[in-house]
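Engineer: Quick one: the structure is below, questions incoming.
The values are calculated or read from the model by the stated rules, or taken from the named source; none is laboratory data. This is a predicted model, so every value here is computed, not measured. No Cβ is skipped: glycine too gets one built from the backbone with ideal geometry, and neighbour counts run over all protein chains shown.
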Amino acid sequence: MRKISSMTMALLLSATPALAQQNAPTIDSGDTAFMIVATALVLMMTLPGLALFYSGMVRKKNVLATMAQSLIATAIVSILWIAIVYSLAFSGNGPWIGDTARMLLRGIGPETISPLAKTIPEILFMAYQMTFAVITCALVGGSVAERMRFSAFMLFSIVWLFLVYAPSAHWVWGGGFLQTLGLLDYAGGTVVHINAGVAGLVAAIIMGNRIGFGRENLAPFDLSLAVIGTGLLWVGWFGFNGGSALGANSRAVFAIVATHLAACSGALMWSTLEWIQRGKPSVLGVVSGAVAGLGTITPASGYILPWHGVIIGLIAGGVCYWMCTVAKHLYHYDDTLDVFGVHGVGGILGTLLAGVFATRAVTASGADPGVSGLLDGNPSQLLVQAIGVVVTIVWCAIGTWLSLKIVSLFVTLRVNADDEREGLDIALHGEALHQ
């Protein structure tokens with residue numbers, strides 16, 4: 001017996017390294033291929049999706065300047081992300097901010113895997129998260145379109161990325177205190193949409209209203225561009241929400257289906273309300289409702305069933321419609337492209353509704369019991385979601401105000417009245433669309 005035990009022990013010891021290697025994270029080619037596509041789709045949301053969507057809703061004299069904001073945000077954020085911001089957001093395990101271990105992508109090789117994404121190369125995880133930071137900064141520009149200096153927007157993107165985006169991403173996704181608390185934010189209700197919306201609102205208030213706001217016709221130049229942009233955003237959102245599964249799996253598909261249905265029901269609700277109130281459904285209303293549904297479903301998409309997406313889209317279409325058509329004029333703030341009314345309010349709604357609709361039927365897998373919300377027997381999750389919303393709003397409002405104050409020390413935030421009347425295309429870039 002003693003000899004058999006010794007042999008058995010020897011066999012177990014010899015097998016231990018193999019077992020450990022078998023259980024160690026390994027790069028999966030299918031997940032990697034899927035995430036490469038998802039990364040490309042999310043980048044497409046900014047270029048050309050958001051650039052077209054935004055430029056189609058401003059006046060002709062500001063089309064190129066509005067596109068330029070998306071272009072320059074992509075360039076600035078991408079460089080800074082690789083240099084230091086990725087490390088601050090996704091390395092280290094501090095409650096407030098990460099560390100500099102991944103500065104300039106130090107330590108990332110072909111086989112390196114992040115503990116946050118265990119089946120794809122870390123370099124791919126870094127690139128995927130970079131596209132989220134890019135579109136968040138670009139979204140903010142919609143609130144101050146037609147009046148903010150290009151140089152001011154460039155500097156704002158730099159300061160805001162460090163003060164607001166990096167801490168928020170770490171808190172929610174990088175092992176920070178909100179993730180530890182149990183906040184559910186599948187693809188960016190807090191990090192992307194609340195941050196972009198609140199930052200846009202604060203910036204719009206500080207910058208002041210456009211000349212002629214509420215008195216002159218500030219109608220969009222070419223809504224066909226906005227429709228094309230909406231289509232690119234809609235498809236790109238499959239990478240945004242589906243890719244947040246970080247692998248080619250059924251949860252990614254559930255997220256994609258819920259996302260699509262929310263966009264559909266959001267568009268239907270917004271256009272129906274507009275039809276009732278104004279007698280005609282506008283093209284602008286349809287695209288606005290679709291984007292409202294897409295933004296609102298984002299934080300909940302990977303935790304819910306497809307039919308939940310329909311309900312969330314209907315809620316988004318109704319509430320965001322009211323914010324953009326009633327509240328905006330009631331309080332007389334000039335959020336040029338309704339970034340707060342659509343993305344900010346949508347992010348708040350979606351983050352709270354994740355705490356209502358999250359279900360173990362989608363989130364549970366293997367030995368993982370999954371997470372659930374109010375309707376699945378866990379009402380305390382709604383409180384956690386509310387805490388996450390409040391923390392994000394407060395931090396973003398303070399950080400955005402500080403960012404604008406810092407930028408104003410170096411450049412003037414707003415163009416002068418003559419340049420605004422002439423148009424930012426000519427005044428800031430020396431170019432214009434052909435007649």
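Engineer: Taking the stretch 161-184, which residues are of a type outside the set (A, V, I, L, M) and touching a Gly at 6+ places or on another chain (Cβ under 7 Å)?
Structural biologist: Residues satisfying the conditions are His170, Gly174.
Engineer: Can you name the residue in the stretch 17-60 that is exposed (fewer than 10 other Cβ atoms within 10 Å of the Cβ) and not hydrophobic (A, V, I, L, M, F, W, C) and is also modelled with the highest pLDDT among such residues?
Structural biologist: Asn23
Engineer: Given the criteria crowded, with 16+ Cβ neighbours inside 10 Å, under 14 Å from Gly56 (Cα atoms) and not basic (Lys, Arg), does Gly229 qualify?
Structural biologist: Spelling it out, Gly229 is indeed crowded, with 16+ Cβ neighbours inside 10 Å, under 14 Å from Gly56 (Cα atoms) and not basic (Lys, Arg).
Engineer: Out of Ile82, Ile108, report the one residue that is part of a loop (DSSP other than H, G, I, E, B), under 20 Å from Leu246 (Cα atoms) and touching a residue at least 12 places away in the same chain (Cβ under 8 Å).
Structural biologist: Result of the check over Ile82, Ile108: Ile108.
Engineer: Only one residue in Ile84, Ile120 is surrounded by fewer than 23 Cβ atoms within 10 Å (Cβ to Cβ) and of a type in the set (A, V, I, L, M, F, W, C), so which one is that?
Structural biologist: Ile84
Engineer: What single numbered condition from (1) farther than 30 Å from Thr325 by Cβ; (2) out of contact with any strand residue (DSSP E or B) (no Cβ under 8 Å at 6 or more places or on another chain); (3) in contact (Cβ under 8 Å) with a residue 40 or more places away in the chain fails to hold for Ser250?
Structural biologist: Condition (3) is where Ser250 drops out.
Engineer: What pairs come out if I take residues in the stretch 322-351 that are charged (D, E, K, R) and pair them with residues that are assigned to a helix (DSSP H, G or I) and modelled with pLDDT under 95 whose C-beta lies under 8 Å away, six or more apart or interchain?
Structural biologist: Listed pairs, sorted by first residue: Asp335/Lys328; Asp338/Lys328.
Engineer: Residues that are over 18 Å from Ala133 (Cα atoms) and either of a type in the set (S, T, N, Q) or under 18 Å from the mean Cα position of the chain (by Cα) (or both): find the helices (runs of 4 or more DSSP H) completely inside the stretch 148-188 holding 2 or more of those.
Structural biologist: The qualifying helices (runs of 4 or more DSSP H) are 177-181.
Engineer: Could you grab me the full set of residues in the stretch 323-380 that are within 22 Å of Glu146 (Cβ to Cβ), touching a Leu at 6+ places or on another chain (Cβ under 8 Å) and not β-branched (Val, Ile, Thr)?
Structural biologist: If the condition is that a residue be within 22 Å of Glu146 (Cβ to Cβ), touching a Leu at 6+ places or on another chain (Cβ under 8 Å) and not β-branched (Val, Ile, Thr), then Tyr333, Asp335, Phe340, His343, Gly344 are the ones that fit.
Engineer: Shifting gears a bit: Could you list, in sequence order, all residues of the stretch 155-196 that are buried (at least 24 other Cβ atoms within 10 Å of the Cβ) and among the β-branched types (Val, Ile, Thr)?
Structural biologist: Residues satisfying the conditions are Val164, Val172, Thr190, Val191, Val192, Ile194.
Engineer: Separate question: Could you please find all residues in the stretch 389-427 being assigned to a helix (DSSP H, G or I), closer than 21 Å to Ser55 by Cβ and within 28 Å of the chain's Cα centre (by Cα)?
Structural biologist: Leu424, Asp425
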